[in-house]
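Colleague: Starting off with a structure, shown below.
Please treat every number below as a calculation from the coordinates, not as lab data. No experiment lies behind these values; they were computed from the predicted model shown. Because the Cβ atoms are built from the backbone with ideal geometry, glycine has one as well, and the counts that use them run over all protein chains shown.
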Amino acid sequence: MTTPFLTVTPVRVATLFVGEEERMPLYVHLIEHPEGRVLVDTGLTELHPAVADMDPQLEPLTEKGIDLSGITAVVNTHLHFDHCGGNHLFAGTPVYVQRQELEDARTQDDYTIREWVDAPGVSYTDVDGEYELLPGIRLVPAPGHTRGSQIVVIETGDGPVVIAGDTAVWAGELDEPATDGQRLIRALEPHRVWLAHADEPWPAAR
Ligand SMILES: [Zn+2]
């Protein structure tokens, strides 16, 4: 099998404050594939009183020089507010999420900002288990951060590249995996793992 030419580009969309002086970046990831352009998570596009304590500093996705109309599919690793806040930008584009995650986001209180999940025009394709999105791009359930979380596994000539969402919030969590999702990522022996809240991929030096 030939490996299609794929690139993954991290796009920083916000900075969040978590605790006293601590800042946490927020990234979404764009996959360029010969058969489509896939955006993994959609970040934040506006402020909301429910998350005012994080004082989000936004870097709008609409001002990053990305042709959003050319996105052919969106994936949500999970539906916490900082990962689905831009879903409304993709009305009419299929949004892939695990069925469990969608159910939890719609039914559990204080799970996310629900009006961002079901913003006007957003249409989900719910997936139950592993799913091949495009040749060489798989969605794989990775429970831990939430029970319905999924990761995106991209086959490349160097080995798998993983877009992990918050399956690991800090890179150190992959050094000592403690959840099913983290152990799954390690078992894939990935060449590189992109996290939503880290500037550099794991492992740092390769
Ligand atoms: Zn997050």
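Colleague: Which net charge results when you count Lys and Arg as +1 and Asp and Glu as -1 among the other residues whose beta-carbon is under 13 Å from that of T179?
Modeller: On the way: positive: R147, R183, R186; negative: D166, E173, E176, D180.
Neighbourhood net charge equals -1.
Colleague: Something else now. Per-residue counts of other Cβ atoms within 10 Å, averaged by peptide: what ranking do you get for 48-55, 123-130, highest first?
Modeller: Highest to lowest by the protection proxy: 123-130, 48-55.
Colleague: Between the stretch 154-179 and the stretch 11-44, what is the C-alpha centre distance in whole Å?
Modeller: 15
Colleague: For the stretch 1-101, what is the Kirkwood hydrodynamic radius in Å, using each pair of distinct C-alpha atoms?
Modeller: About 14.5 Å, per the Kirkwood formula over Cα pairs.
Colleague: For the stretch 54-140, go through all pairs of different Cα atoms, get the mean of 1/r, take its inverse, and jot down that Kirkwood value in Å.
Modeller: Result for the stretch 54-140, one decimal place: 13.9 Å.
Colleague: In percent, what relative contact order does the stretch 7-194 have, based on Cα pairs under 8 Å that are 6 or more apart in sequence?
Modeller: Relative CO of the stretch 7-194 lands at 15 percent.
Colleague: Still on this structure, please answer the following. Dividing the convex hull volume of the Cα atoms of the chain by its residue count, what figure in Å³ per residue is obtained? Numbers along the way, then the final one.
Modeller: Numbers: hull volume 25.1 nm³, N = 206.
It is 122 Å³ per residue.
Colleague: Using 0.36 nm times the number of residues separating D53 and I66, minus their current alpha carbon distance, what extension gain do you get?
Modeller: 1.7 nm is the gain from fully extending D53 to I66.
Colleague: Going highest first, how would you order 94-104, 80-90, 184-194 by mean Cβ packing within 10 Å?
Modeller: Going by the mean number of other Cβ atoms within 10 Å, highest first, we get 80-90, 94-104, 184-194.
Colleague: Can you tell me the Rg and Dmax of the stretch 29-72, counting just the alpha carbons, in angstroms?
Modeller: Values for the stretch 29-72 (Cα only, Rg and Dmax): 13.3, 41 Å.
Colleague: On to the next question. If you take every residue apart from L134 with its C-beta less than 15 Å away from the C-beta of L134, what net charge results, scoring Lys and Arg +1 and Asp and Glu -1?
Modeller: Overall, the nearby charge balance is -3.
Colleague: Still on this structure, please answer the following. Please report the antiparallel percentage of DSSP beta bridges with both residues in the stretch 18-167, rounded to the nearest 5.
Modeller: Roughly 65 percent of the DSSP beta bridges within the stretch 18-167 come out antiparallel.
Colleague: Quick one: net charge around G144, please, counting Lys, Arg +1 and Asp, Glu -1 for every other residue with C-beta under 14 Å from its C-beta.
Modeller: On the way: positive: R147, R183, R186; negative: E101, D104, D166, E173, E176, D180.
Every neighbour counted, the sum reads -3.
Colleague: Rounded to the nearest 500, what is the chain's calculated 222 nm mean residue ellipticity when only DSSP H runs of at least 4 contribute -39500 (n - 2.57) each, over all residues?
Modeller: -3000 deg cm²/dmol
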